[in-house]
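What follows is calculated from the coordinates using simple rules that are stated; it is not laboratory data. Computed from a prediction, not measured in an experiment: that's the story for all the values here. Every residue, glycine among them, receives a Cβ derived from its backbone with ideal geometry; neighbour counts consider all protein chains shown.
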Amino acid sequence: MAEITRAEVYFILNHSRKNLAGLNLSGLDLAGLDFRGANLRAADLSGCNLARCNFYRADLHRANLSCANMANTILDRANLDDTILRDTKLTGAHFGEPDFLTEPIVASQDRAAAIA
């Protein structure tokens, strides 16, 4: 169960330092939001609808994205170190140049998209 609402996430992304580190955002519909440069370290985004979101240069280190819908998201230059992507929908996701030192944890139907 999420700790905050979509409206609160939107406010943080647009009116503060974009720090969502460690927050439980599980199950929220966050489709289309702009997470560019956001700190999402160790955040729980499991089961979220993140379709069409922009995660350019976002820090997703150790974030849990299990069972999230990340269709058509932008993940260029995102920090994906130890990110959990189990059963994550990555259809159409654009990784461009991911920024990770360790392999993200991937076990999804879209494994090819995660590695491409």
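Tabulated data for the structure shown
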quantity: Mean Cβ neighbour count within 10 Å, used as a protection proxy, ranking 69-82, 17-30 highest first; calculated: 69-82, 17-30
quantity: For peptides 84-95, 48-59, sequence by mean Cβ density within 10 Å, most packed first; calculated: 48-59, 84-95
quantity: Cut-off under 5 Å, modelled amide H: who pairs with Asn24 long-range; calculated: Glu3, Asp44
